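Shown next, in structure tokens, is the structure this report addresses.
Here, each number is a calculation from the coordinates, and none is a lab measurement. In this text the structure is predicted, and so the values were computed from the model without any measurement. Here the Cβ is made from the backbone with ideal geometry for all residues, glycine too, and neighbour counts use every protein chain on show.
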Amino acid sequence: MRMIEIEIIGKGKALAKLDERNPRTREALFDALPIEGIANLWGEEVYFDVPLQLDNENPSPTSSAGDVCYWSPGPAFCIFFGKTQPYSSVNHIGKITQGLEIFKRACNGDRIVLRRR
């Protein structure tokens, strides 16, 4: 089981369990950790640019609160924390298991760090 920690600097940490839906995407992201980015908000989604250029694997046009995804057009890492749906299809790679509430406090420009856990 692969886990990652998502920290919004100065606001808290969350944990996400990575799943099997998009294994190539999941492994590429995990192998690139740690990754640091600058938060952007779109509705109830926090996303930030990542240094990966991956093709869609099993893209989905929908999301649920707690989903963590890779968005290939960005390329970006996305955390959905409410009812907002993706702008376009995303590769689901896991789910927040702890700390989803920190994303409600996120602001544009916050520093975010992804780490292996």
Quiz item: If each residue's Cβ is checked for other Cβ atoms within 10 Å, how do GLU45, GLU57 rank with the fewest at the top?
Solution: GLU57, GLU45
Quiz prompt | Estimated dipole of the range 30-78 in Debye, rounded to 20 [Cβ of Lys and Arg +1, of Asp and Glu -1, Cα centre] | solution = 60 debye
Quiz item: What size of dipole, in debye to the nearest 20, comes out for the chain about its Cα centre when the only charges are +1 on Lys and Arg C-beta atoms and -1 on Asp and Glu C-beta atoms?
Solution: 360 debye
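For the range 3-116, what relative contact order do you get, as a whole percent, if you take Cα pairs closer than 8 Å and at least 6 residues apart? The partial results should precede the final answer.
Numbers: 276 pairs, mean separation 45.4, N = 114.
Normalised by residue count, the contact order of the range 3-116 is 40 percent.
Can you check what the Kirkwood hydrodynamic radius comes to for the chain, Cα pairs only, in Å to one decimal?
Working: mean 1/r = 0.0735 Å⁻¹.
About 13.6 Å for the chain.
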